[in-house]
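First up is the structure itself, then whatever we jot down about it.
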Amino acid sequence: MEALTLLCCMGLFLGGCGPRTGLYPESTLGTPEHHVFNGFALLRMERPDDAQREFEQALRLDPKCSGAYRGLGWIEGRKGEFTAAFASMSQAKELAEKKEEKALVEVGYMGLYAMQKGPDWVQRVEQSFRAACSLEEDLPEAYFQLGMAYKQAHRYADAEKAFRKVIWIHGSLVSEAKEELKSIQ
């Protein structure tokens with residue numbers, strides 16, 4: 001009887017030392033998504049070289065990472081290399097699988113049109129905005145990029161509406177939208 005009790009106690013003790021699946025989320029550090037997130041944060045901080053390194057690291061980990069191509073497209077666009085920028089964005093569009101990824105690619109195009117300032121650029125931004133919203137409703141990135149385009153086009157009332165929508169959605173970019181609102185009021 002004592003041996004059975006000892007055996008049961010040892011079994012419980014050793015079982016408690018094993019892996020505990022399902023209790024803790026897996027780490028997202030070092031994943032392609034984490035590098036993409038960091039890359040866009042660095043872009044907002046005006047650190048394109050560091051952002052590029054993050055996007056390239058994401059692609060080393062996953063050559064089919066849509067977000068990394070989207071980020072590289074924006075970096076190329078900021079350099080004025082629009083042929084390469086649109087090629088990267090096309091690659092991002094081709095690789096995007098989920099609706100949110102596809103919507104974010106449209107947001108990427110919105111940014112490129114605003115950087116390029118080609119013919120009818122505001123209409124092209126609005127067209128990509130509608131495409132993004134048809135894929136993912138209430139996407140703060142889409143409204144923020146729309147607000148930035150309207151601000152650049154000196155359509156301040158429209159920009160204010162877009163930035164207020166970002167705040168109303170209460171997702172990412174709230175603090176940035178509040179800053180942009182202050183700058184146009």
- Item | Residues located in region 157-182, provided they are closer than 25 Å to PHE37 by Cβ, of a type in the set (Gly, Ala, Ser) and part of a helix (DSSP H, G or I) | ALA162, SER175, ALA177
- Task: Within region 38-77, track down each residue that is among the acidic types (Asp, Glu) and either in contact with a Leu (Cβ under 7 Å, 6 or more places away or on another chain) or more than 16 Å from GLU176 (Cβ to Cβ) (or both).
- Result: ASP49, ASP50, GLU54, GLU56, ASP62, GLU76
- Query: If you take the residues of region 142-174 that are at pLDDT 95 or above and of a type in the set (Gly, Ala, Ser), which of them is farthest from ALA41 (Cα to Cα)?
  - Reply: ALA157
- Hits in region 107-140 (condition: crowded, with 18+ Cβ neighbours inside 10 Å, of a type outside the set (Val, Ile, Thr) and closer than 18 Å to ALA177 by Cα): GLY108, MET110, GLY111, ALA114, PHE129, LEU139, PRO140
- Out of region 27-57, which residues are of a type in the set (S, T, N, Q) and either within 13 Å of TRP74 (Cα to Cα) or surrounded by fewer than 17 Cβ atoms within 10 Å (Cβ to Cβ) (or both)? SER27, THR28, THR31, GLN52
- Subset of region 127-153 (residues that are within 19 Å of LYS98 (Cβ to Cβ) and either touching a residue at least 60 places away in the same chain (Cβ under 8 Å) or in contact with a Cys (Cβ under 9 Å, 6 or more places away or on another chain) (or both)): LEU139, ALA142
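Residues are listed down the side, and each one gets a yes or a no for (1) over 14 Å from the mean Cα position of the chain (by Cα); (2) over 17 Å from VAL105 (Cα atoms); (3) outside any helix (DSSP H, G or I):
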{"position": "HIS34", "(1), (2), (3)": "no, yes, no"}
{"position": "ASP49", "(1), (2), (3)": "yes, yes, no"}
{"position": "GLU56", "(1), (2), (3)": "yes, yes, no"}
{"position": "ARG60", "(1), (2), (3)": "yes, yes, no"}
{"position": "GLY71", "(1), (2), (3)": "no, no, no"}
{"position": "PHE86", "(1), (2), (3)": "yes, no, no"}
- Task: Mind counting the residues in region 135-144 that are in contact with an Asp or Glu (Cβ under 9 Å, 6 or more places away or on another chain) and in a helix (DSSP H, G or I)?
- Result: 3
- Hey, does region 74-81 have a residue that's under 21 Å from MET148 (Cβ atoms), touching a residue at least 40 places away in the same chain (Cβ under 8 Å) and not hydrophobic (A, V, I, L, M, F, W, C)? no
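The values are calculated or read from the model by the stated rules, or taken from the named source; none is laboratory data. Just so it is clear, the structure is predicted and the values come from calculations on it, not from any experiment. Because the Cβ atoms are built from the backbone with ideal geometry, glycine has one as well, and the counts that use them run over all protein chains shown.
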